[in-house]
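Q: Supplied in structure tokens, the structure appears directly below.
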């Protein structure tokens, strides 16, 4: 049995970037095959309400939105499959991608939309209350806690930015910093320290997120004294970074020090001809559903032009 299949356009990943790429590629007649990956629908499936995506005046649940994206891609003719890309070989003219460690797909054009995963602290209550007051995106979910007290954990620029963002809409922001200093740039640190409604807990770690059906408090522990204290909060934001899902491409694609795939500015093109990247796997700055969708559109248009110039399409 031959376990190799040849396709014109292969899309890896199924968040807003992957599905938008699929919609455009299908309409362009590229007959795309899309593999959904380990988390079909991507990060939006672990958010609840999405209020900042244009076209939904009353908001929409993240999982529902991704079902809509999937249905639209399917209606346009995308071959949507369940499976995970486990290995790639981009050394030849035809790009090879292995699915589930067994089957190889050969593709003339590959669009990578594998996204990024939020880094978590790894405590049980954090996962249990994820979507019920625990979030890894203050810009996405901060609005729901307007006028309330919230906690945020992290010490880098993202954590500082998110703490400042929350300070504008929440009554009090409790910022938990593991060391006696932050990793954030001096400017960001000063802004956070000078914000009257941000209280910083230095040398502190999260012991437990407290709440039955929703976040009610956070218990923190001082690393130096061992002393524990409970802070009543309505939400708990984790801002300790994201990890791009790019490991399998590292032997072939240029990446930055954090593992985000580098694209030629203004395009979705990678350093390998015929391989394109869109969405959070190549965007550590904006990381929004709408920007991911936009870059998915770019990737499909770039792939269409590439295939047209090669005379494949």
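Q: Give just the number: which of (1) out of contact with any helix residue (DSSP H, G or I) (no Cβ under 9 Å at 6 or more places or on another chain); (2) at pLDDT 95 or above; (3) surrounded by fewer than 18 Cβ atoms within 10 Å (Cβ to Cβ) does residue 248 not satisfy?
A: Here residue 248 meets the rest and fails (3).
Q: Filter the range 179-200 down to the residues that are in contact with a strand residue (DSSP E or B) (Cβ under 6 Å, 6 or more places away or on another chain) and either assigned to a strand (DSSP E or B) or modelled with pLDDT under 95 (or both), then identify the one that is surrounded by the most Cβ atoms within 10 Å (Cβ to Cβ). Walk me through how you get there before you give the answer.
A: Our first condition is that a residue be in contact with a strand residue (DSSP E or B) (Cβ under 6 Å, 6 or more places away or on another chain); within the range 179-200, this holds for 192, 197-200.
Next, from what is left, pick out any that are either assigned to a strand (DSSP E or B) or modelled with pLDDT under 95 (or both): 198-200.
Details: 198: 20, 199: 14, 200: 17.
Across the range 179-200, the extreme among qualifying residues is 198.
Q: When only residues in the range 49-60 that are in contact with a strand residue (DSSP E or B) (Cβ under 8 Å, 6 or more places away or on another chain) and at pLDDT 90 or above count, which is surrounded by the most Cβ atoms within 10 Å (Cβ to Cβ)? Working first, answer last.
A: At the first step, the residues of the range 49-60 found to be in contact with a strand residue (DSSP E or B) (Cβ under 8 Å, 6 or more places away or on another chain) are 49-50, 53, 56, 59-60.
Applying the additional criterion that residues be at pLDDT 90 or above yields 53, 56, 59-60.
Values: 53: 16, 56: 15, 59: 12, 60: 18.
If we take residues in the range 49-60 being in contact with a strand residue (DSSP E or B) (Cβ under 8 Å, 6 or more places away or on another chain) and at pLDDT 90 or above, then 60 is surrounded by the most Cβ atoms within 10 Å (Cβ to Cβ).
Q: Right, something else. Would you be able to tell me the number of residues in the range 125-175 that are assigned to a strand (DSSP E or B) and either closer than 20 Å to residue 212 by Cα or free of Cβ contacts under 8 Å to residues at least 40 places away in the same chain (or both)? Let's see the steps before the verdict.
A: Initially, the range 125-175 is screened for residues assigned to a strand (DSSP E or B), giving 130, 134-135, 149-153, 172-175.
Among the residues that remain, those that are also either closer than 20 Å to residue 212 by Cα or free of Cβ contacts under 8 Å to residues at least 40 places away in the same chain (or both) are: 130, 134-135, 149-152, 172-173, 175.
Number satisfying all stated conditions: 10.
Q: When you go through 23, 80 one by one, which is the residue that is touching a helix residue (DSSP H, G or I) at 6+ places or on another chain (Cβ under 6 Å), crowded, with 16+ Cβ neighbours inside 10 Å and not in a helix (DSSP H, G or I)?
A: Values: 23 fails: not in a helix (DSSP H, G or I).
Sole residue among the options that is touching a helix residue (DSSP H, G or I) at 6+ places or on another chain (Cβ under 6 Å), crowded, with 16+ Cβ neighbours inside 10 Å and not in a helix (DSSP H, G or I): 80.
Q: Scan the range 281-298 residue by residue and report those that are modelled with pLDDT of 95 or more and in contact with a helix residue (DSSP H, G or I) (Cβ under 6 Å, 6 or more places away or on another chain).
A: 292, 293, 295, 296, 297
The values are calculated or read from the model by the stated rules, or taken from the named source; none is laboratory data. Every value quoted in this text rests on a predicted model; they were computed, and no experiment measured them. Heads up, the Cβs are rebuilt from the backbone with ideal geometry, glycines too, and the neighbour counts pull from every protein chain shown.
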